[in-house]
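Working notes for the structure below.
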Amino acid sequence: MNHSRRIARPTALILGTNEIASAVAVSMRRAGYACVLSHDRFPPVIRRGMAYHDTLFGERIALAGVEGRRAESSAEIFAALDDPEAVAVTPLTVSDLIALRLPDALIDARMQKYSVTPDWRHIARVTVGLGPNFAVGINCDIAIETRPDHVGRILQRGETEPGDHSPRELGGVGAERFVYADFDAPWHTALDIGARVFRGMVIGRLGGTPVTAPRDGVLRGVVRDGLSAFVGAKLLEIDPRGRAAAWKGIDERGQRIARAVVEAVRLKQAEREARFVTAPLGIQ
């Protein structure tokens, strides 16, 4: 790998390829950061029409005019980072990526409710945690809420987002619009995002077990065919809003979280720069 390669703009390493990670990547890119998204297979991505996830499978994905570029080598990553209208999307892990360059910002957008959250501090100059289990000064520098009633709120030291919140309502429907995996198994479906579905219709099979739609609507999210699902993970989501259904682009929740990330990173960097400038004078 070419460890000496330099990128002219600051870099952001974003963990996750879901719709939140993708919204953050677009906003950080617009804020002047070169961005790379690192895929994590848990939880599986369902809102693929709003995410760069399918770039990993050779599909061409663009969100708000920013293209996702699949990258598996250092050369491919640096080529994507050099393009002002692109972000890199890679299956490489954090350890692989930090060997290339210490990122200026690391944002954990995997939204892993039930996993142990690692301490990302000192891996990047500024670290941000989105969703449950993040605490400022414990495992990140900045924590941002993703709960429906508080989405985009920057948490203070000592605060954490609860991990047991219910999904926000969409067309008056909450958790009932999702179907969750009852066991670990391969997932197969012939349907794609945006398909019109009806209550009781078979959407796919988890192992050999048929999985049906819980209600009428539009398939807003579904695990990609051929991937493995884990017990408790979301398999699919139905948008019950009829003609108002939406399954592409960046939604309002993603935009609010992404704006909060950009604002918080800028404030943290300004704070650190101010400390660096005043330290020689003995001013704290």
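The values are calculated or read from the model by the stated rules, or taken from the named source; none is laboratory data. Predicted model only: the values in this text are computed from it and were never measured. Cβ sites come from the backbone with ideal geometry, for glycine too, and all protein chains shown count toward neighbours.
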> Within the range 122-142, can one find any residue that is surrounded by fewer than 16 Cβ atoms within 10 Å (Cβ to Cβ) and among the hydroxyl-bearing types (Ser, Thr, Tyr)?
Replying inline: no
> Taking ARG70, is it closer than 15 Å to LEU37 by Cβ, touching a Ser or Thr at 6+ places or on another chain (Cβ under 6 Å) and buried (at least 18 other Cβ atoms within 10 Å of the Cβ)?
Replying inline: yes
> Among the numbered criteria (1) modelled with pLDDT of 90 or more; (2) of a type outside the set (A, V, I, L, M, F, W, C); (3) closer than 22 Å to GLN269 by Cα, which single criterion is violated by THR146?
Replying inline: (3)
> Within the range 97-120, how many residues are over 12 Å from LEU15 (Cβ atoms) and either buried (at least 22 other Cβ atoms within 10 Å of the Cβ) or more than 19 Å from the chain's Cα centre (by Cα) (or both)?
Replying inline: 4
>> For the range 121-174, give me the residue count where each residue is of a type in the set (A, V, I, L, M), within 17 Å of the chain's Cα centre (by Cα), farther than 22 Å from ILE238 by Cα and in a loop (DSSP other than H, G, I, E, B).
In response: 0
>> If I ask for residues that are part of a loop (DSSP other than H, G, I, E, B) and out of contact with any strand residue (DSSP E or B) (no Cβ under 7 Å at 6 or more places or on another chain), which ones from the range 90-106 would you list?
In response: PRO91, ALA99, LEU100
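Kindly indicate which of SER27, SER38 is hydroxyl-bearing (Ser, Thr, Tyr), within 11 Å of the chain's Cα centre (by Cα) and at pLDDT 95 or above.
Result of the check over SER27, SER38: SER38.
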> Is there any pair with a first residue in the range 34-55 that is not assigned by TED's automatic domain parsing to the domain that holds ILE107 and a second that is not in a loop (DSSP other than H, G, I, E, B) whose Cβ atoms are under 9 Å apart and which are 6 or more apart or on different chains, and what are they?
Replying inline: none
> Since VAL87 meets every condition but one in (1) of a type in the set (A, V, I, L, M, F, W, C); (2) crowded, with 19+ Cβ neighbours inside 10 Å; (3) out of contact with any Gly (no Cβ under 7 Å at 6 or more places or on another chain); (4) not in a helix (DSSP H, G or I), which condition does it not meet?
Replying inline: (3)
